[in-house]
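See below for the structure under consideration.
The values are calculated or read from the model by the stated rules, or taken from the named source; none is laboratory data. Everything quoted here is computed from the prediction, not taken from an experiment. FYI the Cβ positions are ideal-geometry reconstructions off the backbone, even for glycines, and counts take in every protein chain you see. In case anyone asks, the SASA skips ligands and DNA or RNA and just uses the protein heavy atoms, side chains included. Shrake-Rupley method; radii C 1.70, N 1.55, O 1.52, S 1.80 Å.
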Amino acid sequence: MEINKKENKKFGGFEPIKQIEFVVLKNTSSISLTNSYCALSCKHCNKHYLKGMAKFIDIEKLAKEGKTSFLLSGGLMPNGKIPYKFFLDELYLLKQKYNLKFNLHTGYNIEESDISYLRLIGDVISYDLVGDKETMKEVYGIDNFEKMWLSFKILLENGFKVKPHITIGLNKGKISHEIKTIQRIKDLKLENYIDEIIFLVFIPTVGTDFYRADPVNIQEVINVILETKNIIGNKNITLGCMVPKGKYRLELQSNLLGIVDKIVQPVNKVVQQAKNSNFKINYSYECCAFEN
């Protein structure tokens, strides 16, 4: 497919991708194992998103209603972990009984002693990465930067399917840590362990310190993704579910057609745009971290 100079600039010099996977979150539910508790009060979240998740006691009911997979998340305990061990026996039994898949959204403190029980229940791991200490301290209020990266390395080297999540504009809607994160993955020689990078986009959220911050400039989001492809270009790139809604989401998704491999919760107009542009379209119905 030949593209003109204007299109070439839009795609950062890359040949546009003429296929897209649209992820519609129909068969996955998000679970908070800590209900609304979190030891941290992060400036972009402040426990807000925990309140919209189902609880552990809801898993069996949801499985009976047809859910086939779950994101097992929650607030962090003071030790920087999600309390999977507390629910381990019941999670394992539910997994076996209903043939469920679990995506573990772990905390930043993973030790070798955690590996055996995480392996027992986890099909995939969603792991939040931050690219510099300053951003971590500003947003999370803690400095566990080296521990975060060591935990990531431990998971990868123990053979887990890990999907790094990078929030663009995490620090008050400004570009700060994003490319540093990608460069650090490369510098630590970890890129060969991963096959996909999932990008989220900062959402100004009521009840948080960053509520009045502006959303990230859309072109800056696109630039981060294009630069990622320059640094480690052989990975699938996904635009995840945590993205501002409304016109922002429509414009961002529309502009990322031809650049990313997956878009989660696509806007109808974007689906139609892909059809009109003769994209090869695939659909999946579980959390984007799972293999289709």
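Considering each of 125, 182 in turn, give the residue that is part of a helix (DSSP H, G or I), in contact with a helix residue (DSSP H, G or I) (Cβ under 8 Å, 6 or more places away or on another chain), in contact (Cβ under 8 Å) with a residue 12 or more places away in the chain and within 21 Å of residue 241 (Cβ to Cβ).
Exactly one residue qualifies, and that residue is 182.
Residues that are touching a residue at least 60 places away in the same chain (Cβ under 8 Å) and closer than 30 Å to residue 188 by Cα: which helices (runs of 4 or more DSSP H) entirely in region 207-278 hold 2 or more of them?
On the way: elements: 218-231, 247-256, 268-276.
Correct list: 218-231.
Please verify whether region 186-203 includes one or more residues that are of a type in the set (A, V, I, L, M), surrounded by 17 or more Cβ atoms within 10 Å (Cβ to Cβ), more than 26 Å from residue 53 (Cβ to Cβ) and out of contact with any strand residue (DSSP E or B) (no Cβ under 8 Å at 6 or more places or on another chain).
Within region 186-203, the subset of a type in the set (A, V, I, L, M) is 188, 190, 194, 197-198, 200-201, 203.
With surrounded by 17 or more Cβ atoms within 10 Å (Cβ to Cβ) added as a condition, the list becomes 190, 194, 197-198, 200-201, 203.
Right, trim to more than 26 Å from residue 53 (Cβ to Cβ) and you get 190.
In the following step, the residues that additionally are out of contact with any strand residue (DSSP E or B) (no Cβ under 8 Å at 6 or more places or on another chain) were identified as 190.
So far as region 186-203 goes, yes, one or more of its residues are of a type in the set (A, V, I, L, M), surrounded by 17 or more Cβ atoms within 10 Å (Cβ to Cβ), more than 26 Å from residue 53 (Cβ to Cβ) and out of contact with any strand residue (DSSP E or B) (no Cβ under 8 Å at 6 or more places or on another chain).
Among the residues of region 145-171, write down those that are open to solvent by 10 Å² or more (accessible area, probe 1.4 Å) and either at pLDDT below 95 or within 18 Å of the chain's Cα centre (by Cα) (or both).
Matches in region 145-171: 153, 160, 161, 165, 167, 171.
Give region 10-54 a look and list any residue that's hydroxyl-bearing (Ser, Thr, Tyr), open to solvent by 30 Å² or more (accessible area, probe 1.4 Å) and not in a loop (DSSP other than H, G, I, E, B), or say none.
Result: 30, 49.
Is it fair to say residue 167 is assigned to a helix (DSSP H, G or I) and closer than 21 Å to residue 44 by Cα? Spell out how you get there, then give the answer.
Numbers: assigned to a helix (DSSP H, G or I): no; closer than 21 Å to residue 44 by Cα: yes.
Here the answer is no, as residue 167 does not meet what is asked.
Say whether the condition of being assigned to a helix (DSSP H, G or I) and either within 30 Å of residue 220 (Cβ to Cβ) or more than 23 Å from the chain's Cα centre (by Cα) (or both) is met by at least one residue in region 68-75.
Within region 68-75 (the criterion being assigned to a helix (DSSP H, G or I) and either within 30 Å of residue 220 (Cβ to Cβ) or more than 23 Å from the chain's Cα centre (by Cα) (or both)), the answer is no, since none of the residues qualifies.
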